[in-house]
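Below you'll find the structure, written out as structure tokens, and then a few comments.
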Amino acid sequence: VRRGGTVVQVGNLPGGQIPVPANAVMAKEIDLKGTFRFGEEFSRAVDLIVSGEVDVLKLVTAERALSSAPDALRLAADRSQSVKVVLTAG
């Protein structure tokens, strides 16, 4: 990656270790971001959603217009009032 660029590490299982050349990351001012996903569970979840066995839309407790995004984010943060809040174009 070029100086000042971003590297996103995807796919490491929780608890796994990845050697990082910290001096190079700092010297090149690289933005290093990480994420992980569960190996087999992720694929299984996608299969269940695609097959219709799991309806994730049942988790949506509110829809708000994009123009109301700040209010929607406050609602989404309040777990006593919402599970998932979806932003819509309208």
Practice prompt. Heavy atoms only, probe 1.4 angstrom, no DNA, RNA or ligands counted: give me S82, S68, S51 ranked by accessible area, highest first.
Written response: S51, S68, S82
Item to complete: Let me have the relative contact order for the chain, percent, based on Cα pairs under 8 Å that are six or more residues apart.
Response: 24 percent
Discussion item. Using protein chains only and a probe of 1.4 angstrom, how many square angstrom of E41 are accessible, to the nearest 10?
Written reply: 110 Å²
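Could you tell me how many cubic angstrom of Cα convex hull volume the chain has per residue?
On the way: hull volume 16.8 nm³, N = 90.
Hull volume normalised by residue count: 187 Å³.
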Discussion item. Nearest 10 degrees is fine. How inclined is helix 39-51 to the longest principal axis of the chain, computing both from alpha carbons?
Written reply: 30 degrees
Discussion item. How charged is the neighbourhood of L59? Take every other residue with its Cβ under 14 Å from the Cβ of L59, and add Lys/Arg as +1 and Asp/Glu as -1.
Written reply: +1
Item to complete: Could you pull out every one of the aspartates and glutamates with an alpha carbon less than 18 Å from that of K84, ignoring same-chain neighbours closer than 8 positions?
Response: D55, E63, D71
Discussion item. Give me the percent of accessible area attributable to carbon and sulfur for the chain, probe 1.4 angstrom.
Written reply: 57 percent
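Accessible area per residue, 1.4 Å probe, Å², for region 33-90: what's the number?
Details: 4670 Å² over 58 residues.
For region 33-90, the per-residue accessible area is 81 Å².
Between V56 and R44, what length comes free when the chain is fully extended (0.36 nm per residue of separation minus the Cα-Cα distance, one decimal in nm)?
Working: separation 12, 0.36 × 12 = 4.32 nm, distance 1.39 nm.
Full-extension gain reported as 2.9 nm.
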Item to complete: Tell me which residues come under 5 Å, amide H to amide H, from I30 once H is placed; ignore anything under 5 positions away on its chain.
Response: G4
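The values are calculated or read from the model by the stated rules, or taken from the named source; none is laboratory data. All figures in this text were calculated on a predicted structure; none of them were measured in a lab. Note that we place each Cβ from the backbone using ideal geometry, even for glycine, and neighbour counts take in every protein chain shown. Heads up: the accessible areas ignore ligands, DNA and RNA and are worked out on the full protein's heavy atoms, side chains in. Shrake-Rupley method; radii C 1.70, N 1.55, O 1.52, S 1.80 Å.
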